[in-house]
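Student: Here it is, the structure, as structure tokens.
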């Protein structure tokens, strides 16, 4: 398989935008697609602003922003991804949604194209089985925010070929990231450790052990974490946190992974964190204020 020249990214949210950003900086032509076209246009505009900010701060070479911006184009339909060497799905963490995307790509991509998912918890083997090329399918789980975070989890399914894995390793190196290889277990490495910690913090709040502010302060000052668990949960998205905890609970059948009812209540209320302006903190004022 030749070097990747054109990368398709499906999903123009925070993760998909970040992946498009770093791929364009690394010299790949990028086609960004979202089921809602206005979201794609907004994402491309935001990527341009972020690239310009990086250049102004000296994080990237002079002229690199313009070169990267020129490489990113909107893909109006999945058919516009037909000539991509790699298509990476970065849609919402919902297996039904992801499987529908892969079904829509059947018969669209060229035979040698590789498929990847940015899933943070779902079975790569099971997702691969929903495609027409399970041997060319792999998990590429980027961390948020993608342009800043150095880690990418590499997860091969039972069908993933050595050629596909080797290509994924080379891509991660090209993006100036560090790969951590994980077995295909629920939530992989980072979220297998991180999400139960966040869930336990929610239980501590739910049971009255501490307040949002005291628990966040305790973990920042007592464990030297850069963000408290509630700040981090709001940044990630409470719906994503709940989804991952449910995957862990259902697939590992261990009560220690039971999602806290309070986390579920926040999601039911539509308080998803920063993206909805309310989560464990309220972000609608000048400074975040705890909501509990």
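Student: Just to be sure I understand the filter: pairs with C-beta atoms under 9 Å, separated by 6 or more residues or on different chains, first member in the range 92-106 and free of Cβ contacts under 8 Å to residues at least 24 places away in the same chain, second member surrounded by 16 or more Cβ atoms within 10 Å (Cβ to Cβ) and assigned to a helix (DSSP H, G or I). Which pairs pass?
Tutor: none
Student: With 108, 97 as the choices, which residue is surrounded by fewer than 21 Cβ atoms within 10 Å (Cβ to Cβ) and in contact with a helix residue (DSSP H, G or I) (Cβ under 9 Å, 6 or more places away or on another chain)? Walk me through how you get there before you give the answer.
Tutor: Working: 97 fails: in contact with a helix residue (DSSP H, G or I) (Cβ under 9 Å, 6 or more places away or on another chain).
After ruling out the rest, the residue left standing is 108.
Student: Search the range 129-150 for residues that are in contact (Cβ under 8 Å) with a residue 60 or more places away in the chain and pair each with any residue that is part of a loop (DSSP other than H, G, I, E, B) when their beta-carbon atoms are under 6 Å apart and the residues are at least 6 apart or on different chains.
Tutor: These pairs meet every condition: 142/118.
Student: Count, please, the residues in the range 24-53 that happen to be surrounded by fewer than 22 Cβ atoms within 10 Å (Cβ to Cβ) and part of a strand (DSSP E or B).
Tutor: Final tally of qualifying residues: 1.
Student: I need a count of the residues in the range 66-90 that are assigned to a helix (DSSP H, G or I) and either closer than 14 Å to residue 108 by Cα or under 23 Å from the mean Cα position of the chain (by Cα) (or both).
Tutor: Here the count works out to 7.
Student: Look through 138, 60 and report the one residue that is surrounded by 13 or more Cβ atoms within 10 Å (Cβ to Cβ) and part of a strand (DSSP E or B).
Tutor: After ruling out the rest, the residue left standing is 138.
Student: Also: Go through (1) touching a strand residue (DSSP E or B) at 6+ places or on another chain (Cβ under 8 Å); (2) loosely packed, with under 14 Cβ neighbours inside 10 Å; (3) farther than 30 Å from residue 233 by Cβ and name the single condition residue 150 misses.
Tutor: Status for residue 150: all satisfied but (3).
Student: Could you please find all residues in the range 217-251 being free of Cβ contacts under 8 Å to residues at least 24 places away in the same chain and either over 23 Å from residue 145 (Cβ atoms) or part of a helix (DSSP H, G or I) (or both)?
Tutor: Scanning the range 217-251 gives 217, 218, 219, 220, 221, 222, 246, 249, 250.
Student: Please go through the range 9-23 and pick out each residue that is over 9 Å from residue 175 (Cα atoms) and buried (at least 24 other Cβ atoms within 10 Å of the Cβ).
Tutor: So the first thing to find is which residues in the range 9-23 are over 9 Å from residue 175 (Cα atoms), and the list is 9-21.
Across the range 9-23, the qualifying residues are 9, 10, 11, 12, 15, 16, 17, 18, 19, 20, 21.
Student: Of the residues 165, 188, which is outside any helix (DSSP H, G or I), within 28 Å of residue 25 (Cα to Cα) and at pLDDT 95 or above? So that I can check it myself, show each step before the final result.
Tutor: Values: 165 fails: outside any helix (DSSP H, G or I).
None of the other options fit; the residue is 188.
The values are calculated or read from the model by the stated rules, or taken from the named source; none is laboratory data. Remember, predicted model here, so these are calculated numbers, not experimental data. Neighbour counts are summed over all protein chains in view; Cβ atoms, including those assigned to glycine, are modelled from backbone coordinates with ideal geometry.
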